[in-house]
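Right, one structure below, let's go through it.
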């Protein structure tokens, strides 16, 4: 057999092998919508009906560089939060220390509030409550992800990286401006556990106070649909 003919035969066999492999491994769907990714994520977390029924959360978490006891946050969808330790309320539009920063004074407003949107989005995916944009695919830490960006009310850019294999939120990237300064941070979610039928991450990372290192935090408790006093989200109207 002549050499050119042998080379041509080898190329044909290689092409056939590649075709067979491609049949066994279908290419990932390249064009998805935000709604499709969100639906997949809802199903992976426990189903859209459970997500829809979830109206409030109470989460305890330990931040090792803060204190060695859990810090709690109460969430009311779509975008309210309450910090019991500081009696700090966020009603979706304004934030306020209900008893002042010293816990024994008059109510004191907090401005700006852009980071409160982000805090709520850390504890419950904001794309379930706000219009969202699909930003395509990427590879993060060796895994394929879909990127979703909800439109938050006060201008923060919060991008979720949804694991293409599990359809669970893997990571967030935040960019926001406060008091004339720009901030960027990341949070990686891990250790998903079943809480009353919903998969909830019990591990998360966050930047240290000097922003020079990444610290591993952990969720110690999760309550779904707890009864929360309306007063926790009520800011006096006459405060300016």
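Which whole-number value in Å³ per residue fits the convex hull of the alpha carbons of region 77-145?
With only Cα atoms used, region 77-145 gives 119 Å³ per residue.
For mean projected area of the Cα convex hull in nm², the listed values are (1) 18.4; (2) 15.2; (3) 12.0; which was obtained by calculation from the structure presented?
(1)
Which value in nm describes the separation of the simple spin-label points at residue 129 and residue 55, placed 7 Å from the Cα toward the beta carbon?
1.4 nm
Quote to one decimal, in nm, the extra length available between residue 231 and residue 102 on full extension: 0.36 nm per residue of separation minus the C-alpha distance between them.
Full-extension gain reported as 44.5 nm.
Modelling each spin label as a point 7 Å along the Cα-to-Cβ direction, I'd like the residue 166/residue 211 distance in nm, to one decimal.
Taking the two extended label points, one gets 2.9 nm.
For region 61-101, what's the relative contact order in percent, using C-alpha pairs closer than 8 Å and at least 6 residues apart?
Relative contact order comes out at 23 percent.
In degrees from 0 to 90, rounded to the nearest 10, what is the angle of the helix 114-123 Cα long axis to the longest principal axis of the chain?
60 degrees
Every read-out reported here was derived from the displayed coordinates using simple, explicitly stated rules and does not represent laboratory data. Nothing here was measured: the structure is a model prediction, and the numbers come from that model. Note that each Cβ is placed from the backbone with ideal geometry, even for glycine, and that neighbours are counted across all protein chains shown.
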